[in-house]
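Asker: Encoded as structure tokens, here's the structure I'll be asking about.
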Amino acid sequence: MPKRPNVPPETASQTAGPYVHIGLMPSIAGLDRPKDLGHEIAGPEAAGERIRVEGLVRDGAGDAVKDALIEVWQANAACVYQGAGTVEPGFRGWGRVAADFETGAWAFDTVKPGAVDGQAPHINLWIVARGINIGLNTRLYFEDEAEANAADPLLTQVPAARRGTLIAQLCDDQIYRFDIRLQGDGETVFLDI
């Protein structure tokens, strides 16, 4: 039997804890430096339809999780992810947003992504907060993309009764509402990736 190399054991999984904002969003934690990364997903030069996404992260009781941090990844309007091809100046394709410590509300401005490889336009989200041991991955699809959503290879695998947890509602011209429910009735579908 081969001898196992001297590798230390894995450390226990820890929650994001109260320090996640210091490392990932220092301005939210009251620090002036270093500069936050990820505020601008798609700058003014980025091509495409400008949209805003707003929401809350809710716990099992329906209360707002006021220390949530959400990381966002998306393709540009021409269906290209940053790093997978050429994108226009000003399109970063990823960003971070923190929930407001008083209200729990979060929002980000970007461009509506194009459809990539037969998938409906969507935005990938990763959620961390105190009490979450491993970041949660999910997707945000758009209510006004019903035809594309009906053919999306991932969305069509989600039971019909749960698909709505992945659909952002168009509330106003170019403003989408997307609440994330961590558990309980209406729990958001999370992806094991």
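Asker: Take the Cα radius of gyration of region 20-181 and divide it by 2.2 N^0.38 Å, with N its residue count; two decimals is plenty.
Answerer: Expressed relative to 2.2 N^0.38 Å, the Cα Rg reads 1.03.
Asker: Report the extension gain between residue 52 and residue 150 in nm, rounded to one decimal, defined as 0.36 nm multiplied by the number of residues separating them, less their alpha carbon distance.
Answerer: Using 0.36 nm per residue and subtracting the Cα-Cα distance, I get 33.0 nm.
Asker: May I ask for the net charge around residue 50, where only other residues with Cβ less than 9 Å from the Cβ of residue 50 are counted and Lys, Arg are +1 while Asp, Glu are -1?
Answerer: Around residue 50, the surrounding residues sum to 0.
Asker: Let me ask you something else. Please report the spacing between the Cα centers of region 146-168 and region 46-119 in Å, no decimals.
Answerer: 18 Å
Asker: Using a 10 Å cut-off around each Cβ, can you sort 54, 187 from fewest to most neighbouring Cβ atoms?
Answerer: 187, 54
Asker: Sorting check: for 121-128, 176-183, 59-66, which peptide has the highest mean count of neighbouring beta carbons within 10 Å, and how do the rest follow?
Answerer: Per-residue mean Cβ counts within 10 Å order the peptides as 121-128, 176-183, 59-66.
Asker: Grab the other residues whose beta carbon is less than 13 angstrom from that of residue 106, score K and R as +1, D and E as -1, and report the net.
Answerer: Neighbourhood net charge equals -2.
Asker: Applying 1/(1 + (r/R0)^6) with R0 = 25 Å to the Cβ-Cβ distance of residue 45 and residue 115, what FRET efficiency is obtained, to the nearest 0.05?
Answerer: E between residue 45 and residue 115, to the nearest 0.05, is 0.65.
Asker: DSSP loop GluC sites (Glu not before Pro) in region 98-170 with at most 16 other Cβ atoms within 10 Å of their Cβ, which ones?
Answerer: The qualifying sites are 102, 143.
FYI, it's all coordinate maths here, none of it is from the lab. Please read all numbers here as calculations on a predicted model, not as lab measurements. Don't worry about glycine lacking a Cβ; one is built from the backbone with ideal geometry, like all the others, and counts go over all protein chains shown.
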